[in-house]
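The block underneath contains the structure these notes are about, expressed in structure tokens.
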Amino acid sequence: MSKLASFDDLIQTEVQDLYSAEQQFLEALPSVAEAITDDELRDAIEQHATVTQRQIERLEEIARLLGVTLDGEKCIAAEALIEEGRKLMQAGGDPMVLDAALIGAAQRMEHHEIAGYGTLAALANRIGNSAAARLAAETLAEERGADELLTEIAERSVNDAAAS
């Protein structure tokens with residue numbers, strides 16, 4: 001990790017971390033969707049891949065607005081969360097139980113992103129960059145929506161199917 005000698009260093013680290021996380025999650029989403037048996041859940045994951053691509057583009061704009069370079073930090077938290085998901089998919093067992101487990105794994109990813117975008121929006125606001133803050137808040141709202149959708153799918157059908 002780069003030395004955090006200034007507020008600008010902190011902002012750079014946050015943007016790089018989110019950019020790395022989003023790219024890693026985007027790469028992982030197709031294999032997650034492929035492992036899912038519930039149609040509604042698979043559709044939600046596949047649609048989130050499209051949203052994630054837009055979020056990456058939005059992060060590129062945020063980086064431009066903040067004068068941040070995007071290469072650098074690799075998000076080790078995203079890497080670990082993805083690895084946990086891979087282990088679930090490799091474990092085998094009841095497909096419905098796997099669907100429920102993958103909802104939990106996906107929500108952990110969403111929660112990581114929610115924390116990151118909330119932090120980024122606050123940092124951008126602090127330096128008076130309202131455009132960057134607005135873009136971060138837009139993505140934050142999308143991530144919260146994705147988390148809520150996963151909860152709805154789990155409570156509406158997947159958890160019942162897994163428990164029976």
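Details
- Cα lying deepest toward the dipole's positive end in the range 7-163, options Ala132, Phe7, Ala101, charges on Cβ: Phe7
- With Cα atoms defining each centre, the range 1-45 and the range 115-164 are spaced 12 Å apart in the structure.
- Residues Phe25, Phe7 arranged by fewest to most Cβ contacts within 10 Å: Phe7, Phe25
- Taking the fewest neighbouring Cβ atoms within 10 Å as the starting point, the ordered list for Val68, Val32 is Val68, Val32.
- Ranked list, fewest to most other Cβ atoms within 10 Å of each Cβ, for Ser20, Ser130: Ser130, Ser20
- Overall, the range 1-153 carries a charge dipole of about 580 debye about its Cα centre when +1 sits on the Cβ of Lys and Arg and -1 on the Cβ of Asp and Glu, all other atoms neutral.
- Each helix, a run of at least 4 DSSP H residues, gives -39500 (n - 2.57); summed and divided by the residues of the chain, these come to -28500 deg cm²/dmol at 222 nm.
Taken together, the values in this text are just the output of simple stated rules run on the coordinates, not laboratory data. Keep in mind that what you see is a predicted model, and the values were worked out from it rather than measured. Counting neighbours? That spans all protein chains shown, and the Cβs are built from the backbone with ideal geometry, glycine included.
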